[in-house]
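Below: one structure, written as structure tokens.
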Amino acid sequence: MILRAKAHAKVNLHLEVLHRREDGYHEVETILQSVGLHDTLHLRRLRSGIKVRCDHPGVPLDRTNLCWRAARALRAHTGVRKGVQIDIHKRIPVAAGLGGGSADAAACLLALPRLWDVQVEPEELHALAARLGADVPFFLRGGTQLARGVGEVLTPLSASGGGWYLIITPRIELSTAWVYEHLRMGLTHAPPKVNLANYKSLLARFPERPWPGFNRLGDVVLPAFPALHRLLLQLQDSGARLAMLSGSGPSLFAVYLALEETEKAKESVDVGEAFTWIGRSTNFGVEIDCERERSPDPGDQ
Ligand code: ATP
């Protein structure tokens, strides 16, 4: 059996950093939105071992790969002895603020119990996901969710009103750790600011009506990369209902009411060598189907 999983990227419709905890992690308040952009994973059962292949040179294939770690965590948790071959067709830009690695990990956590024929309860999956990375629990369900804590305390929100998304990922290298290190936090702990009732009604009317979300990490990233800042200003000027940095960047996204407008905006801004994608939001984090039965490869079971 081969399972195919689509692992969807996310953008942050809002991201506030509340304070730095004693363990060094930052408490955040963020609204995450799944989008149609996705990696495609194929998972095939092996007699033993966890093997990862990927068509993107920037993705590690060893034990640091989040899919490998997800498979190992599930094996340890369930006691299953079977193996898996995981093939990742990478379309989500790597280290770009779109959560690609976390999405792949969530896809493995959801697909592997089916492949290995073992039952894992949703709360157990959530706990395993949170150990792999702060964003991973979000991707188990996806859609539109408010995340608090370091990202693992989730409140599902009803879907936003739609619109067309333009994602632009310039070729800029920056790490999430660097961005948080350079964030100037106030001395006092800021209280959570998202008024859920208010945000829910604003989200339902977005993008027809304005949306007040912002990304605090832009305070670090935009002054450090003036070309990225200029691109964001161009997007904000291109008729977008919202244009923001996603996560710790360098991806930018903009939301428009109509497809034609989105395409026109993409042509009008100077994207240079950047990766670009146009599509819609989605209510799924991961979509899994059984692709086809094939005669077994050597080592297959
Ligand atoms: P986030 O928005 O959660 O900060 P990101 O978009 O910045 O995520 P990822 O694409 O998830 O970043 O990759 C971060 C790092 O994780 C990469 O530099 C890569 O070395 C490592 N990594 C491990 N497994 C994967 C994977 N399956 N796909 C992509 N990157 C992976």
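The values are calculated or read from the model by the stated rules, or taken from the named source; none is laboratory data. Not measured: the values here are computed from a predicted model. Virtual Cβ from ideal backbone geometry, glycine too; neighbours counted across all protein chains shown.
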> List, please: which pairs have Cβ atoms under 7 Å, are six or more places apart or on different chains, and start with a residue in segment 82-103 that is farther than 11 Å from A7 by Cα and end with one that is of a type in the set (F, W, Y) and buried (at least 19 other Cβ atoms within 10 Å of the Cβ)?
Replying inline: K82/W116
> Out of segment 70-94, which residues are near the ligand (Cβ under 8 Å from one of its atoms) and more than 20 Å from Y165 (Cβ to Cβ)?
Replying inline: I88
>> For segment 160-175, give me each residue that is surrounded by 15 or more Cβ atoms within 10 Å (Cβ to Cβ) and either small (G, A, S) or modelled with pLDDT under 95 (or both).
In response: S160, G161, G163, I172, L174
> Which residue pairs have Cβ atoms closer than 8 Å, lie 6 or more positions apart in sequence or on different chains, and pair a first residue in segment 201-214 that is within 16 Å of L157 (Cα to Cα) with a second residue that is surrounded by 12 or more Cβ atoms within 10 Å (Cβ to Cβ) and among the acidic types (D, E)?
Replying inline: none
> Could we say that R53 is out of contact with any Cys (no Cβ under 6 Å at 6 or more places or on another chain), away from the ligand (no atom under 16 Å from the Cβ), modelled with pLDDT of 95 or more and not in a helix (DSSP H, G or I) here?
Replying inline: no
> Restricting to segment 93-136, what's the tally of residues that are among the β-branched types (V, I, T) and in contact with a strand residue (DSSP E or B) (Cβ under 8 Å, 6 or more places away or on another chain)?
Replying inline: 0
> Taking V179, is it outside any loop (DSSP other than H, G, I, E, B) and either within 18 Å of the chain's Cα centre (by Cα) or over 16 Å from L15 (Cα atoms) (or both)?
Replying inline: yes
> If you take the residues in segment 56-69 that are near the ligand (Cβ under 7 Å from one of its atoms) and surrounded by 15 or more Cβ atoms within 10 Å (Cβ to Cβ), which one is nearest to A130 (Cα to Cα)?
Replying inline: L66
>> With the requirement that a residue be part of a loop (DSSP other than H, G, I, E, B) and out of contact with any Pro (no Cβ under 8 Å at 6 or more places or on another chain), what does segment 198-232 give you?
In response: F206, P207, E208, R209, P210, W211, P212, G213, F214, R216, L217
>> For segment 140-177, which positions are free of Cβ contacts under 8 Å to residues at least 60 places away in the same chain and within 12 Å of the ligand (Cβ to nearest atom)?
In response: A177
> Out of segment 239-271, which residues are of a type in the set (S, T, N, Q) and modelled with pLDDT under 95?
Replying inline: S268
>> Yes or no: segment 39-47 includes at least one residue that is closer than 26 Å to V255 by Cα, outside any loop (DSSP other than H, G, I, E, B) and either touching an Asp or Glu at 6+ places or on another chain (Cβ under 8 Å) or within 10 Å of the ligand (Cβ to nearest atom) (or both).
In response: yes
> Taking segment 16-38, which residues are modelled with pLDDT of 90 or more, surrounded by fewer than 23 Cβ atoms within 10 Å (Cβ to Cβ) and small (G, A, S)?
Replying inline: G36
> Does at least one position in segment 107-126 carry a residue that is in contact (Cβ under 8 Å) with a residue 12 or more places away in the chain, buried (at least 22 other Cβ atoms within 10 Å of the Cβ), part of a helix (DSSP H, G or I) and within 12 Å of the ligand (Cβ to nearest atom)?
Replying inline: yes
> Any chance segment 256-266 includes a residue that's hydroxyl-bearing (S, T, Y), under 25 Å from K193 (Cα atoms) and touching a helix residue (DSSP H, G or I) at 6+ places or on another chain (Cβ under 9 Å)?
Replying inline: no
>> So for segment 143-155 (the condition being out of contact with any Phe, Trp or Tyr (no Cβ under 9 Å at 6 or more places or on another chain), in a helix (DSSP H, G or I) and either among the aromatic types (F, W, Y) or at pLDDT below 95 (or both)), does at least one residue qualify?
In response: no
